[in-house]
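Some notes on the structure that comes next.
The values are calculated or read from the model by the stated rules, or taken from the named source; none is laboratory data. Computed from a predicted model, the values in this text were never measured in an experiment. With ideal geometry, Cβ positions are generated from the backbone for all residues, glycine too; neighbour counts draw on all protein chains shown. Accessible surface is based on the protein model in full, side chains and every heavy atom, while ligands, DNA and RNA are left aside. Shrake-Rupley method; radii C 1.70, N 1.55, O 1.52, S 1.80 Å.
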Amino acid sequence: MKKLLFLGACLWALSVNPVLAQTATPDIAVVRVHEYDTSTQLALTYGEGKTEILKFDNGVRDKSLMASAEGCHRLMLKLYQAGYTLQSTFSGTPTASSTVTTLVFVRAPKP
């Protein structure tokens, strides 16, 4: 009788979907950083139709460097406060006048 109950419990456990497989997918945010000689543009997207563009000066002068650093800081702080962590980065081939870098941020799903 014990073997029959044990076998029934095992079969029942196999028929129930595992809880871990039912977790939600993580939220992903992608940031494209396009740096030109005189300006920087950041495109932040949380998905289709949820994109914002940030633009600020770039260059070698103190004022331009501070504007660029502060703009990047605001974006990273916004993502950090929303619970995102940096997952991956990759860069395209730089050209004579610009560089493109992609940052991938992930936020774990809420249980």
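For region 54-65, putting each phi into the Karplus relation 6.51 cos²θ - 1.76 cosθ + 1.60 with θ = phi - 60° gives couplings of 10, 10, 7, 5, 9, x, 9, 7, 4, 4, 5, 5 Hz, in residue order, rounded to whole numbers and with x for Gly and Pro. Peptides 89-96, 40-47 ranked from most to least packed give 40-47, 89-96, packing being the mean of other C-beta atoms within 10 angstrom over each peptide's residues. Database remark: amide H of GLN87 closer than 5 angstrom to the amide H of VAL104, PHE105, VAL106 (H placed geometrically; neighbours at sequence offset of 5 or more, or on other chains; Pro and chain starts carry no H).
Any chance you could run the full-extension gain for LEU54 through GLN81? It's 0.36 nm times the residue separation minus the Cα-Cα distance, nm to one decimal. Value of the extension gain: 7.9 nm. Nonpolar atom fraction for region 38-102, defined as the carbon and sulfur part of the 1.4 Å probe accessible area, stands at 56 percent.
Placing pseudo-labels 7 Å out from each Cα toward the beta carbon at THR102 and THR38 gives an inter-label distance of 2.9 nm. Specify whether the C-alpha gyration tensor of region 25-111 places it in the rounded, prolate or oblate class, a ≥ b ≥ c being the square roots of the eigenvalues: rounded for a/c under 1.5, otherwise prolate if a/b is larger than b/c and oblate if not. Verdict is prolate for region 25-111.
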